[in-house]
Amino acid sequence: MLDFLSNRITKAIDKAAKKNTLNEENIQITLREIRLALLEADVNLKVAKLFIKNVKTELLGITITPGLDVKHQIIKVVDQELTKLLGTKNQSLNLSIKPSTIMMVGLQGTGKTTTVSKLVYRLRKHNKLTKILAVACDIYRPAAIAQLKQLGSQNQFDVFSMPDSSVVEIAQAALSKAKNEFYDAVIFDTAGRLHIDENLMDELVDLKKTVKPKEILLVVSAMSGQDIINVAQVFHDKLTLTGSIITQLDSDARGGAALSLRQLLNLPIKFIGTGENVKDFDLFHPERMAQRILGMGDALTLIEKASEFIDEKSAKKSINKIVSGKFNMNDLLQNLRQIKKMGKIGGLLKLIPGMPKMSNEQKDKAQETLFLAEIIISSMTFKERANPKLLKQPRRKQRIIKGSGRNAQEFNKLLRQYEQMKKQMDKMKNMFKGNKGGGFNPANLSSLMGG
Ligand SMILES: Nc1nc2c(ncn2[C@@H]2O[C@H](COP(=O)(O)OP(=O)(O)OP(=O)(O)O)[C@@H](O)[C@H]2O)c(=O)[nH]1
Ligand SMILES: [Mg+2]
């Protein structure tokens, strides 16, 4: 899905990240590459320009997140802007009234009829609507009604059709049937057209007046070229669309034109079609799509974790305590838990620029040290953690060793490390001086923990 766009953007970022600095020149190079990637993927020029402008503003004003290298800083910004471009959040269908009414419109062969049955499947499975009526309003293509009927019998939903009638007459009859028989939803399948056709457009306007649908969805193929933008604009002007569905995303289409519609028309993308089966249909999630395009799901998760971690007010609070010399084992425990929240220390250390490469063995050892420390400190009482001098009392020591299931050697080592850490306070202070964001760099703690 969108492999072309994904490959090109990834390459652009990789190339830019080789320089490993985020100065104006490097930002320019990055932006030029990304711009090319977008245009080659068929993204509309206006959309690409705006996107580049936004990424530029963000990159120039960036506050470097401690723990992220240049590549990840760029990914973070591009991911954020791409998500925005795609619409930020999924927008669900308006199903507030019964029967809910949905109208499908679009050019020929984009997947309107197929999508009707996909939508039925989804509304049943995810929205608990059981009785759904599909209405055959494509009265021009001879096989169109038969196609919908066949989909209906394959997937057990009702199809309404009426020979020798106008689209408006069909719609009126279907609506009264739906009301009388308490249908949950009615979906109108309409005729496709090769290009904007005045007569067909007027027919859609009449259909809209008759049905007053809560949703009018433009079905767009991912394979569309730039001409889809004008076409969609006309549909939108005449019908005031409520959203779009991008189909055929499983193809090797570049997809940029269809994706551009969201920004140009301010039209939410509600679903995506990814195959011919009724199940090949998903809600459109801008953030997930952005991640997929960046092809860096794992990296993004780590970035997220790093940001989350650094944003933590509590982390700042406890680290301020450490720097001011007032830290105790409660603060230490809190920090250890935050590190754990970020997952494996090895993956984390990889992201920290300037961090010497550790062997797997060293990483495992660091991980284990932190893990052990957490277990032992967890077995202490709050009072003991607040006043570690109490830990010298043999009775307390024995209790903690027993409670944590560790041995005396490990316990003593932890205390030694804690003392060492206190002694290294000055060193720590200097480390934080160089850290503008005031954030907490877990590498400092792990090195002090003897990892
Ligand atoms: N691979 C793939 N094929 C799709 C998808 N959606 C629809 N199709 C196929 O595209 C072709 C056209 O689909 P239809 O549902 O008939 O399209 P339509 O918009 O109703 O076409 P007209 O009624 O002629 O305008 C069919 O062969 C579908 O199986 C999709 O998401 N992926
Ligand atoms: Mg059709």
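Observations on the model:
- Taking every residue in region 128-144 that is touching a residue at least 24 places away in the same chain (Cβ under 8 Å) and in a loop (DSSP other than H, G, I, E, B) and pairing it with any residue that is among the aliphatic types (A, V, I, L, M) and near ligand 1 (Cβ under 9 Å from one of its atoms), at least 6 positions away or on another chain, the pairs with Cβ-Cβ distances below 6 Å are Asp138/Ala144; Asp138/Ala191; Tyr140/Ala191.
- Answer from Lys89, Lys84, Lys98 - the residue that is away from ligand 2 (no atom under 16 Å from the Cβ), part of a helix (DSSP H, G or I), farther than 20 Å from Gln248 by Cβ and of a type in the set (D, E, K, R): Lys84
- Test: residue in region 101-117 that is open to solvent by 60 Å² or more (accessible area, probe 1.4 Å), away from ligand 1 (no atom under 11 Å from the Cβ) and not aliphatic (A, V, I, L, M): no
- Close Cβ contacts (under 6 Å, 6 or more residues apart or on different chains) running from residues in region 393-407 that are part of a helix (DSSP H, G or I) to residues that are of a type in the set (S, T, N, Q) comprise Ile400/Ser379; Gly403/Ser379; Ser404/Ser379.
Per-residue answers, yes or no, for (1) farther than 30 Å from Ser6 by Cα; (2) in the same structural domain as Asn266 (by TED's automatic domain parsing):
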position: Ser92; (1), (2): no, no
position: Leu95; (1), (2): yes, no
position: Val120; (1), (2): yes, yes
position: Asn127; (1), (2): yes, yes
position: Tyr140; (1), (2): yes, yes
position: Ile145; (1), (2): yes, yes
position: Asp158; (1), (2): yes, yes
position: Ser161; (1), (2): yes, yes
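- Screening Leu283, Leu239, Leu294, Leu264 for residues that are open to solvent by less than 60 Å² (accessible area, probe 1.4 Å), of a type in the set (A, V, I, L, M, F, W, C) and within 15 Å of ligand 1 (Cβ to nearest atom) leaves exactly one candidate, Leu283.
- Within this structure, Thr110 passes the test of being closer than 21 Å to Leu241 by Cβ, within 29 Å of the chain's Cα centre (by Cα) and not in a helix (DSSP H, G or I).
Residue-by-condition table, conditions (1) buried (at least 19 other Cβ atoms within 10 Å of the Cβ); (2) modelled with pLDDT under 90; (3) touching a helix residue (DSSP H, G or I) at 6+ places or on another chain (Cβ under 7 Å):
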{"site": "Lys357", "(1), (2), (3)": "no, yes, no"}
{"site": "Asn360", "(1), (2), (3)": "no, yes, no"}
{"site": "Asp364", "(1), (2), (3)": "no, yes, no"}
{"site": "Ala386", "(1), (2), (3)": "no, yes, yes"}
{"site": "Leu390", "(1), (2), (3)": "no, no, yes"}
{"site": "Gly405", "(1), (2), (3)": "no, yes, no"}
{"site": "Gln409", "(1), (2), (3)": "no, no, no"}
{"site": "Met428", "(1), (2), (3)": "yes, yes, yes"}
{"site": "Asn435", "(1), (2), (3)": "no, yes, no"}
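- Output for region 119-133, where each listed residue is within 16 Å of ligand 1 (Cβ to nearest atom) and open to solvent by 10 Å² or more (accessible area, probe 1.4 Å): Tyr121, Arg122
- So Ile400, is it touching a Lys or Arg at 6+ places or on another chain (Cβ under 6 Å) and either modelled with pLDDT of 60 or more or closer than 30 Å to Gly61 by Cβ (or both): no
- Residue check for Leu50: touching a helix residue (DSSP H, G or I) at 6+ places or on another chain (Cβ under 8 Å), in contact (Cβ under 8 Å) with a residue 40 or more places away in the chain and not in a helix (DSSP H, G or I): no
- Within region 172-215, the residues that satisfy the criterion of being within 16 Å of ligand 2 (Cβ to nearest atom), open to solvent by less than 10 Å² (accessible area, probe 1.4 Å) and of a type in the set (A, V, I, L, M) are Ile187, Ala191, Leu204, Leu207.
- Looking at Leu200, Leu207, just one residue is within 16 Å of ligand 1 (Cβ to nearest atom), in contact with a Phe, Trp or Tyr (Cβ under 8 Å, 6 or more places away or on another chain) and farther than 20 Å from Phe271 by Cβ, and that residue is Leu207.
- Screening region 250-261 for residues that are surrounded by fewer than 22 Cβ atoms within 10 Å (Cβ to Cβ) and either polar (S, T, N, Q) or near ligand 1 (Cβ under 10 Å from one of its atoms) (or both) and picking the one that is farthest from Gln80 (Cα to Cα) gives Ser251.
- Members of region 176-200 found to be over 19 Å from Ala136 (Cβ atoms) and of a type in the set (A, V, I, L, M), listed by number: Leu194, Ile196
The values are calculated or read from the model by the stated rules, or taken from the named source; none is laboratory data. In this text, all values refer to a predicted model and were calculated from it rather than measured experimentally. Every residue, glycine as well, gets a Cβ built from its backbone with ideal geometry; the counts of neighbours run over all protein chains shown. SASA here: full protein model, heavy atoms, side chains in, ligands and nucleic acids out. Shrake-Rupley method; radii C 1.70, N 1.55, O 1.52, S 1.80 Å.
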